[in-house]
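Working notes for the structure below.
Taken together, the values in this text are just the output of simple stated rules run on the coordinates, not laboratory data. Not measured: the values here are computed from a predicted model. Cβ sites come from the backbone with ideal geometry, for glycine too, and all protein chains shown count toward neighbours.
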2 protein chains.
Amino acid sequence: MAEHISENAPPLPASRSRETVTLADVARAAGVSTMTVSKVLRGTGAISPETQKRIFAAAGSLGYVPNRLAGALSARKSMLGAVLIPSIADAIYSEILSSLHSLLDDASLSLFIAESRMDPQVEERQIHDLLALRPAFLIRSGGIASTAQAQKLIRRMGVAHVQIWDGDDTGGPVSAGPSHIEAGKIAASHFHDLGLRKVAYIGAETGKDLCAGRRMESFAGCMRAKGAETALITDEHLPRQAESGEILTRRLLETYPGIEGIFYLNDAMAIGGLRTLLAAGYRVPDDVKVMGFNGTSREQTIRTRLTTISTDGWKLGQDVANAVLELMAGRSPDQPITCPLTFHRGNTT
Amino acid sequence: MAEHISENAPPLPASRSRETVTLADVARAAGVSTMTVSKVLRGTGAISPETQKRIFAAAGSLGYVPNRLAGALSARKSMLGAVLIPSIADAIYSEILSSLHSLLDDASLSLFIAESRMDPQVEERQIHDLLALRPAFLIRSGGIASTAQAQKLIRRMGVAHVQIWDGDDTGGPVSAGPSHIEAGKIAASHFHDLGLRKVAYIGAETGKDLCAGRRMESFAGCMRAKGAETALITDEHLPRQAESGEILTRRLLETYPGIEGIFYLNDAMAIGGLRTLLAAGYRVPDDVKVMGFNGTSREQTIRTRLTTISTDGWKLGQDVANAVLELMAGRSPDQPITCPLTFHRGNTT
DNA sequence: ATCTCGTTTGTTATCGATAACTCATAAATC
DNA sequence: GATTTATGAGTTATCGATAACAAACGAGAT
């Protein structure tokens, strides 16, 4: 029993000149068939302990690294998933991504990442490119438009599809995220409760981000319903950063004097806006009230506590990851994924 | 010539019950062989315009999405790359990731993303898992330790390997990033020029992040060389966030009274430190000078301009992406990738 | 001693594409 | 008109694994 290289082992092809170690190499070294190695390494099938030990030893000493691409092709099912978000560097998305990764990694799922830069055309191409990798699931931001054709393709290819960051939409794929209509309403109610009559919304990358657009419309609509008009200062091309907040706030001050409250697209832009307001001699919140969105400022500011609305990106990521796992297991996530909005009254309103 | 379905087309296997459209389906629809379709869709080989048109039409109407996994297996070369970073949500890494993606996406390279959470063991496993996907390249942070065995494996598998965020290391794989030794020196010089004698370094996740460790040592070493001692307030478990900056600064004030200057691990922690210092009645910079690292604060603060050292993450990402493309093309990047450090004197020193 | 059975291991056929040839056919050369 | 040369398109063999089924084997049952 000392020599286990059985002489009736099938004649496996000689190792290729490439230095890659394959299942066949391990099988030859352990004196078994490739199938046995495959079973042992994946923990399926019933293989005797001694054989297992021999195979593990052979795999270890050869430095075998399985080829999961080949495995996926053969098994017609991959442990790969894709995440497509508008912006990797945006704090809210990077937090969700990190959260998603932590849970999915535990389930041995690998993630492809792609960024659509808020461009529907890029989004469309990315979907196509990602589907070419035959992922088991696709997590997309609902904020970017995608054609019905792309949606159909995703469905036809049997990819578990979860939309994030858009809790309003219904009817489409499983979706998880905050309600932006609700967010706009919260901001409007707050400004109304403070008795403001002349307010503004400041945004960027207008028209590309459906979620921000919905927030804006909800905000303006609610203000109008309360009898107040909203100045909309937006720009199609400026990025959603502090500097754009500065620029657009300057533009607002020039165009609409006497504004009493500003609701910004996000915290970064609100921070920029505060710089401009303070530099221009406005007192906040006495002269102008300022409100942000996303809550990312709470980590970064020192004395200022921006009034803002936050969502728990980490929790959202975990919920989405769980939904994905459910979908992959063939179950459909029973309860809708809720993503609450938390209002933070700071010292800017 | 109206009917192009040639009757002597080879008998292709009947479409499987699965609804996936394969190259063979397109070939059958266009009345050609799979090889011809493959050539046309990849733009290789010489195929007549009419045949091409027919094939594109067939692919389009069938909604064909190529299986790049199968393609990679067959061609023994993939258009997949892997990025392994300590923290996806960390601003500096997410910016680099975004930058990398933008350039590599143009080259039709897809990215796997993985996060090691600063844990060498996780890093090791991630490397293994990522290599199982047979990427063409692997971009890793040099800040996390990985065993020589892992390095050897990466080399043996012929994966283009680029280390980021660590410009000090030499001898290993191609690496790109700022010099943390230099960063520590800059901070020390600044404090020395201001005439400070009692200074401190505040860090978190000590021992895990080799880069931060090198910064700390360089800083303390330079201060000592100038005749000043450095109090090291660090914690192994606290995350590198503003709140940890608050906590550790409180700890510092309790333990080492009379500190004149604090160099923080990053801007976020410095922001937290400023909160604590101001709340405790210290005047900054009159009583205590504060310095951060990474420059992420410059986007987020309002009146405070933190003295900090920044690097251009976007440029670093582009440089690394270009280096990867060079390596994949078989060339080795001629010039070393430099990543300058920019010193910003704000109003906290 | 024969037979059924359960445990272990091996065989065969794919998975969906691509590399490297080979084979027609029509144009070009002498 | 015969031979050479480009082209355009098809054949065959893999790539590295896995599914599904088949076979060998010793153990207990009859």
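All alpha carbon pair distances within the protein assembly as shown were sorted into 20 Å bins beginning at 0; the resulting P(r) in whole percents reads 16, 44, 31, 9, 1.
Position A:S74: other-copy label points at 1.9 nm, ordered by increasing distance, label point 7 Å along Cα→C-beta. Spacing of the modelled spin labels on B:D334 and A:S48, each 7 Å from Cα toward Cβ, amounts to 6.3 nm.
Picking from A:L84, B:A220, A:G292, whose Cα lies most toward the positive end of the charge dipole for the protein assembly as shown (charges on Cβ: Lys, Arg +1; Asp, Glu -1)? Projecting each Cα onto the dipole axis, the largest value belongs to A:L84. Counting Cβ atoms of other protein chains within 10 Å of each Cβ in A:98-104 and taking the mean gives 3.
For the residues of B:61-73, the average number of beta carbons from a partner chain within 10 Å of their own beta carbon is 5.
Can you check what the net charge comes to around B:A91, using other residues whose Cβ is under 9 Å from the Cβ of B:A91 (Lys, Arg +1; Asp, Glu -1)?
Values: positive: none; negative: B:D90, B:E95, B:D267, B:E299.
Cβ neighbours under 9 Å give a net charge of -4.
What length, rounded to one decimal in nm, is gained on full extension from A:E299 through to A:E19, with 0.36 nm per residue of separation minus their alpha-carbon distance? Could the numbers behind the result be given before it?
Values: separation 280, 0.36 × 280 = 100.80 nm, distance 4.95 nm.
The span from A:E299 to A:E19 would gain 95.9 nm if fully extended.
Remark: region B:180-310 carries a charge dipole of roughly 280 debye about the Cα centre, counting +1 on each Lys and Arg Cβ and -1 on each Asp and Glu Cβ. The alpha carbons of chain B stretch over 92, 41, 35 Å along the principal axes, in descending order. Simple spin-label estimate for B:S74 and B:T34 gives 0.6 nm between the two label positions (7 Å along the Cα-to-Cβ direction from each Cα).
What does the C-alpha gyration tensor say about the overall shape of region A:180-310? Classify as rounded when a/c is under 1.5, otherwise prolate if a/b is larger than b/c, or oblate.
Values: a/c = 1.23, a/b = 1.09, b/c = 1.13.
Rounded is the answer for region A:180-310, as its axis ratio a/c remains below 1.5.
To the nearest Å, what is the center-to-center distance of region B:60-77 and region A:204-243, using C-alpha atoms only? Measuring centre to centre over Cα atoms gives 42 Å.
Modelled this way, with points 7 Å down the Cα-to-C-beta line, the labels at B:A145 and A:K226 are 5.7 nm from one another. Taken residue by residue and averaged, Cβ atoms of other chains lying within 10 Å of the Cβ of B:304-314 number 1. Taking region A:169-212 and a reference point 7 angstrom along Cα→Cβ of A:Y256, the backbone N atoms nearer than 11 Å belong to A:197-203.
Calculate the dipole size of chain A relative to its Cα centre from +1 charges on Lys and Arg beta carbons and -1 charges on Asp and Glu beta carbons; express the result in debye to the nearest 20. Show your work: numbers first, answer last.
On the way: 37 positive and 37 negative charges, 99 e Å.
The dipole of chain A has a size of about 480 debye.
From the alpha carbon centroid of region A:177-203 to that of region A:93-118 is 31 Å. Other residues within the sphere of radius under 11 Å centred on the Cβ of A:E260, judged by their own Cβ, net out at +1 (K and R +1, D and E -1). Per residue of chain B, the DSSP helices (runs of n ≥ 4 H) give a summed -39500 (n - 2.57) that works out to -13500 deg cm²/dmol at 222 nm.
Of all the options B:V284, B:V324, B:V26, the one that moves most in a Gaussian network model of chain B with Cα springs shorter than 10 angstrom is B:V26. Which lysines, on any chain, are close to A:K289 with Cα under 19 Å apart, when same-chain ones fewer than 8 places away are left out? Straight-distance partners of A:K289: A:K185, A:K198, A:K226. Taking the Cβ of A:V320 as the center, what net charge do the other residues with Cβ under 13 Å away carry, scoring Lys and Arg +1 and Asp and Glu -1? Net of charged neighbours comes to -3.
Charge dipole of region B:84-190 (Cα centre as origin; +1 on each Lys and Arg Cβ, -1 on each Asp and Glu Cβ, all else neutral): 420 debye, rounded to the nearest 20.
Going highest first, how would you order A:219-226, B:261-268, A:178-185 by mean Cβ packing within 10 Å? Walk me through the intermediate numbers first.
Details: A:219-226: 18.5, B:261-268: 28.5, A:178-185: 22.1.
Result, highest mean Cβ count within 10 Å first: B:261-268, A:178-185, A:219-226.
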